[in-house]
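Each remark here refers to the structure printed beneath this line.
The values are calculated or read from the model by the stated rules, or taken from the named source; none is laboratory data. Only a predicted model underlies this, so the values are computations on that prediction, with no experimental measurement involved. Here the Cβ positions follow ideal geometry from the backbone for every residue, glycine too, while neighbour counts run over all protein chains shown. Note: areas computed on protein heavy atoms with side chains; ligands, DNA, RNA excluded. Shrake-Rupley method; radii C 1.70, N 1.55, O 1.52, S 1.80 Å.
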Protein chains: 4
Amino acid sequence: MLKAAVLGATGMVGQIFIQLLNRHPWFEVSAVAASERSTGLKYSEVAKWKLPTPIPEDVADLEVLEINPKEVKDVDLVFSALPADVAEKAEEDFAKAGCVVVSNASSHRMDPDVPLLNPEANYDHISLIEQQRKKRKWSGAIVTNANCSTAVLSLPLKPIDTEFGIKRVIVSTMQALSGAGYPGVASLDIVDNVIPFIQNEEEKMQRETQKILGAPSKPASFEVSASCHRVAALDGHLEAVFVELKHEAEPESVVDAFERFVGEPQKLELPTAPPKPIVVRREEDRPQTRLDRMEGRGMSVVVGRVRNDPVMKGVKFIALGHNTIRGAAGCGILNAECLKAKKYI
Amino acid sequence: MLKAAVLGATGMVGQIFIQLLNRHPWFEVSAVAASERSTGLKYSEVAKWKLPTPIPEDVADLEVLEINPKEVKDVDLVFSALPADVAEKAEEDFAKAGCVVVSNASSHRMDPDVPLLNPEANYDHISLIEQQRKKRKWSGAIVTNANCSTAVLSLPLKPIDTEFGIKRVIVSTMQALSGAGYPGVASLDIVDNVIPFIQNEEEKMQRETQKILGAPSKPASFEVSASCHRVAALDGHLEAVFVELKHEAEPESVVDAFERFVGEPQKLELPTAPPKPIVVRREEDRPQTRLDRMEGRGMSVVVGRVRNDPVMKGVKFIALGHNTIRGAAGCGILNAECLKAKKYI
Amino acid sequence: MLKAAVLGATGMVGQIFIQLLNRHPWFEVSAVAASERSTGLKYSEVAKWKLPTPIPEDVADLEVLEINPKEVKDVDLVFSALPADVAEKAEEDFAKAGCVVVSNASSHRMDPDVPLLNPEANYDHISLIEQQRKKRKWSGAIVTNANCSTAVLSLPLKPIDTEFGIKRVIVSTMQALSGAGYPGVASLDIVDNVIPFIQNEEEKMQRETQKILGAPSKPASFEVSASCHRVAALDGHLEAVFVELKHEAEPESVVDAFERFVGEPQKLELPTAPPKPIVVRREEDRPQTRLDRMEGRGMSVVVGRVRNDPVMKGVKFIALGHNTIRGAAGCGILNAECLKAKKYI
Amino acid sequence: MLKAAVLGATGMVGQIFIQLLNRHPWFEVSAVAASERSTGLKYSEVAKWKLPTPIPEDVADLEVLEINPKEVKDVDLVFSALPADVAEKAEEDFAKAGCVVVSNASSHRMDPDVPLLNPEANYDHISLIEQQRKKRKWSGAIVTNANCSTAVLSLPLKPIDTEFGIKRVIVSTMQALSGAGYPGVASLDIVDNVIPFIQNEEEKMQRETQKILGAPSKPASFEVSASCHRVAALDGHLEAVFVELKHEAEPESVVDAFERFVGEPQKLELPTAPPKPIVVRREEDRPQTRLDRMEGRGMSVVVGRVRNDPVMKGVKFIALGHNTIRGAAGCGILNAECLKAKKYI
């Protein structure tokens, strides 16, 4: 078993990392770190645990450490669920100290030499680590996963781009509350309401999608325009996607491309890889947030309502994914599994 | 005072008609009609009244009549909140019998000789009545208002089209529960969920917007692609709109066009016309469904987040309107006021 | 494997029966029956399946049969999720035909010779079957589970009554939407709302609790007064319980009684019996509906906030249970397991 | 017009005070005070305004003052929406400085010489001011309104106690989100959930009800046991009330007592007094939170489902009131009107 630390372990994404790593066949959580407020105390005393399953017993008793590679020692890899402002420097410190950092933070996602991995879509970007190590003179490394709504969008765009060529993408999201962390969105702001704004989210979707779907060192040539909205669902981001295509395609061909699609994680049979990265629902009213978000244990993106769009000169469809699993901790763990497969861990 | 009948008076839109007509300066509800199940009984006995304000007293005691011009007599105009299947023939019967029918039903909206009015946007379409009467040999007439989500969309598109020219429109909606009537959406289907499907809604938005924003006898040349979704809000449809423009425009110019926009109803100072058909909010997180839906007593469309969209080669923004007021009964009443101003009633 | 039929298989409780029986170690669903509308068709074609897990494959293809012992043959037992009006006669027909009917319907619950089982509380009531068979001359039998809110209430009352004696009970419920079936509660009736009324529910809680906690042939001597309310939660009934005691008891003693409590199903290690029928949470703000409803795979009742109540001269506490599992299909299956243990199946 | 200051003006209750005082016939807001963070800035810049109606124009431009009688000068009365910890000393300072403080804070509610007013129930408690001034040597005074859930409970208990005598009361609440202020309850804690705990709320209901329904200097002889729960409604506290009576009463007599009930505010025709302090709904499923909370412009308590309770030896019923109006700012303003009627202002 490889020993893993979770940085930012008390927050919502930190909790999901710990929950998903419980009984993981390769990794075990051997250290947790969080902000000063919590250090020195037992994890179970400081984590305001918000998940229906209990805190895994061996983690509950861990002492919370300082976010510092001198304190967090003897680990084989580090999962970072740190807030962006803290992550920037802390992750570099860990990488410099020789750790492989698998991060959910946005700080380094757009660094040209840092892989931004949604591994079924761009497994080959792992190779950026070589460049990163050379340039930064690190023995460790930083690998990031995408922003939650980008993770959901980029998976179904991948086979479309491969098979039909994408010219541009318009996307409108209906995002879940857990995406804002805890306490996050106030209940008075969301009961009987929609909030048509999520700080920085549109910019992230636009640039991260391009990076993921491009070559390792060159963003995709097509552009994305996003409009992001918060709705009263607990988990699961649902997205209305309009795609202009280079080559005409019937909806049935696009569905077929979705269904045939597998990535390297499926071929390698990685433990967290869902059997199908993209699951197609054919009912006229699916995917639905609550009914479909746990597909592939939260790691599949579920698509539906694939239809012709003559206005967009392409297709439109609905995509849904679990924002804290495929869109955060689950993708991070899958990234770590890829790194192990590639012998970086 | 002019005497008005409400057809389909017991349903949700019928109830809103009755509520909004209470203390109307020009119209009073003197007759109510509904399906056979209710006829012969007092309105207050059969209407499962769902509004927080009580049933207006003079309507509560009305006997519910059959939906038939022979039964519904001595009225100056007829508001129709009938379901589409019943409306088709019934409205024709009333028009044939000499009544002016102001309808919220979809049955006749796309008839080339029937005005589909969102009056700030296309007041001049009233003139289609002449053609209608001539062709159908009616002394009465049918005038319709748009589908709820179309009513919200078409208002802000009007000044954009006038000032900058629209090439195409992509729209993604987040629609309220009251749009489905009562009982409508089951609670088990919407708590912690989004439903990405509303029967026929996308088709309606696409064709009705073109009709409204075209010349009386010719649809607009630009096309609309819609994706429609139901969310857990009670009232108010929020829409993410992406517009490709003929002529470049800075967001500030578009905001300016919104703010300068008034229609004939404002010039005529019609009782139900809001002071401003389009209200601009400048906060980064507005309009919000619950906070803004009652703007202009539910008759204004509130827009916000107007921003450049280089991908779409135009602008994107958020629009919000009250679906049962601007999107149904309120617009119907405003249409009737227009007809009176034009001496059709 | 014993072959089981599910009557009323297409409704919400029918679906839960089928879901919970999937991979059951003793029972397998070999027949499904429903109202005429569905007969002759495949189950997957007619069930509007509302659960996040898919329809078990072997059930999906079953032909839906008529609710009639002549059609539903070759089964070892019958689970009934029929509506009360249909259940009354249909269940008798099956029992007459020799079937053991394990019913969730209310029709026969209060029949003096029909066991109303919440088996950790009143396992000994099974013996009523003898009386029932004798009196009715049936080779089969009818055994019922309690109304959902009663199932949740009666479990924690059992050890309190045994150890301290109950004089009276006041209970106020906050019940989930799934308790009303599908489509059930309209979304417009529950978003931003509470409905303080559930048809017949208070009467059921009052009389069924007395029957369960009494001797097989004599209701308990204490009485229950209930006030029942519907809130915007999907699953899980939460109840505020005030108990007047015969013998004084400190909250800690009551907690202790809860924790020590096990019933016959635990002793027999029945497959559906939860490890602990009553789980105590000691946090000041638990149990909570969403966080705790799946405790014991939905079969445990979770209690908390046990506190002195000098006004009531006893204790007050919060109880929570899963209404479609412990309160319906799960309890039915546990009842069937008891019947098998007792050799009635 | 009398000049009023609002202390704690930026919080939720402060906002409601400002909204309700807009166009008040007797009082106008001439000063606003809040914590240091806001002082020196314009009210509209610092208040995160959460109400659908806009900030009243004359208040929007007020400079936010320090919470200090030396800063908040030239006012005829002071409304306090301060948090309890700040209120304790600050309100005393204002009273000492000669101001009449009408407070929503809990700090002084239980002081024996401070009136805790729900004025239809205990108008005569105003006389405690004499005692207060004498004892504390103040030229000003402090008058408080009850905790929100107590305000709703104590109104209907008043006529019951007067006419039939109360022996004890059991109450279980379903309380709205706005009761926790803003941001208050996290959305992740309440969607698809009930929280059976509100800090200090049960104690407040128990002791404040006794004080209100007692003589000015002596609490009522009956006791109250409360269980308090938070549900996903925006405004409006719904309460299930069980009352043991001294004298037997049929539900119809209790309804009759409710309907005949008026208090001094109604007799004096005070501007904020609702026509009926208690409104009875006779439908089996009313009052409902969203439909009934605005009755009497939020100042009436709506009751329903009055039924015999043989277990409790009395009656049980449902009560509903608007927590930020009758339960906070509205009651405070009504209290101020009473003080003016009594010439204390």
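So, B:Ile278, is that one within 30 Å of B:Pro112 (Cβ to Cβ), in contact with a Phe, Trp or Tyr (Cβ under 9 Å, 6 or more places away or on another chain) and in contact (Cβ under 8 Å) with a residue 60 or more places away in the chain or not?
Against the criterion (within 30 Å of B:Pro112 (Cβ to Cβ), in contact with a Phe, Trp or Tyr (Cβ under 9 Å, 6 or more places away or on another chain) and in contact (Cβ under 8 Å) with a residue 60 or more places away in the chain), B:Ile278 qualifies.
Yes or no: B:Arg297 open to solvent by 60 Å² or more (accessible area, probe 1.4 Å) and in contact with a Pro (Cβ under 7 Å, 6 or more places away or on another chain)?
Numbers: open to solvent by 60 Å² or more (accessible area, probe 1.4 Å): yes; in contact with a Pro (Cβ under 7 Å, 6 or more places away or on another chain): yes.
Here the answer is yes, as B:Arg297 does meet what is asked.
Is there any pair linking a residue in the stretch C:234-251 that is over 30 Å from B:Leu188 (Cα atoms) and at pLDDT 95 or above to one that is acidic (Asp, Glu) and open to solvent by 10 Å² or more (accessible area, probe 1.4 Å), with Cβ under 8 Å and at least six apart or on different chains, and which?
Here the result reads C:Ala249/C:Glu163, each pair linking the stretch C:234-251 to a residue that is acidic (Asp, Glu) and open to solvent by 10 Å² or more (accessible area, probe 1.4 Å).
Does the stretch A:205-218 contain at least one residue that is out of contact with any strand residue (DSSP E or B) (no Cβ under 8 Å at 6 or more places or on another chain), on the phi < 0 side of the Ramachandran plot and of a type in the set (Asp, Glu)?
no
Provide a single number: the residues in the stretch A:238-249 that are over 14 Å from A:Val152 (Cβ atoms), more than 7 Å from every other protein chain (Cβ to nearest Cβ) and crowded, with 24+ Cβ neighbours inside 10 Å.
Summing the residues that are over 14 Å from A:Val152 (Cβ atoms), more than 7 Å from every other protein chain (Cβ to nearest Cβ) and crowded, with 24+ Cβ neighbours inside 10 Å in the stretch A:238-249 gives 1.
In the list A:Glu252, A:Glu295, A:Glu284, which residue meets the criterion of being closer than 20 Å to A:Asp161 by Cβ and of a type in the set (Asp, Glu)?
Result of the check over A:Glu252, A:Glu295, A:Glu284: A:Glu252.
Residues that are within 9 Å of another protein chain (Cβ to nearest Cβ): find the strands (runs of 3 or more DSSP E) completely inside the stretch B:141-237 holding 2 or more of those.
Those strands (runs of 3 or more DSSP E) span B:166-175, B:223-230.
Taking the options B:Ser217, B:Ser225, name whichever one is small (Gly, Ala, Ser) and within 20 Å of A:Asp309 (Cβ to Cβ). Reasoning before the result, please.
Numbers: B:Ser217 fails: within 20 Å of A:Asp309 (Cβ to Cβ).
Of the residues listed, the single one that is small (Gly, Ala, Ser) and within 20 Å of A:Asp309 (Cβ to Cβ) is B:Ser225.
Restricting to the stretch D:265-282, name every residue that is part of a loop (DSSP other than H, G, I, E, B) and either facing chain C (nearest Cβ under 9 Å) or polar (S, T, N, Q) (or both).
D:Thr272
In this structure, does C:Arg230 turn out to be basic (Lys, Arg), under 30 Å from B:Ala233 (Cα atoms) and touching a helix residue (DSSP H, G or I) at 6+ places or on another chain (Cβ under 9 Å)? Quick ask: steps written out before the conclusion?
Values: basic (Lys, Arg): yes; under 30 Å from B:Ala233 (Cα atoms): yes; touching a helix residue (DSSP H, G or I) at 6+ places or on another chain (Cβ under 9 Å): yes.
Here the answer is yes, as C:Arg230 does meet what is asked.
Yes/no matrix, rows are residues, columns are (1) within 24 Å of B:Pro287 (Cβ to Cβ); (2) of a type in the set (D, E, K, R):
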position	(1), (2)
D:Ala4	no, no
D:Val29	no, no
D:Ser38	no, no
D:Val46	yes, no
D:Ile55	yes, no
D:Glu63	no, yes
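Inspect the stretch A:75-93 for any residue being touching a residue at least 24 places away in the same chain (Cβ under 8 Å), over 18 Å from the mean Cα position of the chain (by Cα) and assigned to a loop (DSSP other than H, G, I, E, B) and give the result as yes or no.
Looking through the stretch A:75-93, at least one residue is touching a residue at least 24 places away in the same chain (Cβ under 8 Å), over 18 Å from the mean Cα position of the chain (by Cα) and assigned to a loop (DSSP other than H, G, I, E, B).
Being open to solvent by 20 Å² or more (accessible area, probe 1.4 Å) and farther than 27 Å from B:Trp49 by Cβ is the filter here; which residues of the stretch D:250-289 pass it?
Selection gives D:Glu250, D:Ser253, D:Val262, D:Glu264, D:Gln266, D:Lys267, D:Leu268, D:Glu269, D:Pro271, D:Thr272.
Condition test on B:Ser44, is it within 18 Å of B:Phe27 (Cα to Cα), of a type in the set (Gly, Ala, Ser) and open to solvent by less than 60 Å² (accessible area, probe 1.4 Å)? Step through it out loud before you land on a result.
On the way: within 18 Å of B:Phe27 (Cα to Cα): no; of a type in the set (Gly, Ala, Ser): yes; open to solvent by less than 60 Å² (accessible area, probe 1.4 Å): yes.
Judged against the criteria, B:Ser44 is not a match.
Go through C:Ala95, C:Ala33, C:Ala60, C:Ala87 for me and flag whichever is surrounded by 24 or more Cβ atoms within 10 Å (Cβ to Cβ), touching a Phe, Trp or Tyr at 6+ places or on another chain (Cβ under 9 Å) and at pLDDT 95 or above.
C:Ala95
Hey, any hits in the stretch C:335-342 for a residue that's touching a strand residue (DSSP E or B) at 6+ places or on another chain (Cβ under 8 Å), charged (D, E, K, R) and at the interface with chain D (Cβ under 10 Å from one of its Cβ atoms)?
Among the residues of the stretch C:335-342, not one is touching a strand residue (DSSP E or B) at 6+ places or on another chain (Cβ under 8 Å), charged (D, E, K, R) and at the interface with chain D (Cβ under 10 Å from one of its Cβ atoms), which makes the answer no.
Give the residue that is nearest to the chain's Cα centre (by Cα), with candidates limited to residues of the stretch A:199-229 that are under 24 Å from B:Glu283 (Cβ atoms) and open to solvent by less than 20 Å² (accessible area, probe 1.4 Å).
Top of the filtered list is A:Met205.
Output the residues belonging to the stretch C:283-318 that are within 10 Å of chain D (Cβ to nearest Cβ) and hydroxyl-bearing (Ser, Thr, Tyr).
Selection gives C:Thr289 alone.
Given the condition open to solvent by less than 10 Å² (accessible area, probe 1.4 Å) and within 15 Å of the chain's Cα centre (by Cα), answer yes or no: does some residue in the stretch C:128-139 qualify?
Within the stretch C:128-139 (the criterion being open to solvent by less than 10 Å² (accessible area, probe 1.4 Å) and within 15 Å of the chain's Cα centre (by Cα)), the answer is no, since none of the residues qualifies.
Mind checking whether some residue in the stretch C:175-196 is touching a residue at least 60 places away in the same chain (Cβ under 8 Å) and over 20 Å from the mean Cα position of the chain (by Cα)?
No.
Go through the stretch D:37-74 residue by residue and tally those that are of a type in the set (D, E, K, R) and part of a helix (DSSP H, G or I).
Summing the residues that are of a type in the set (D, E, K, R) and part of a helix (DSSP H, G or I) in the stretch D:37-74 gives 4.
Just checking, how many residues over the stretch D:156-207 are acidic (Asp, Glu) and within 24 Å of C:Gln175 (Cα to Cα)? Steps first, answer last, please.
Of the stretch D:156-207, the ones acidic (Asp, Glu) are D:161, D:163, D:189, D:192, D:201-203.
From what is left, the residues that are within 24 Å of C:Gln175 (Cα to Cα) are D:189, D:192, D:201-202.
The number of residues fulfilling the criteria is 4.
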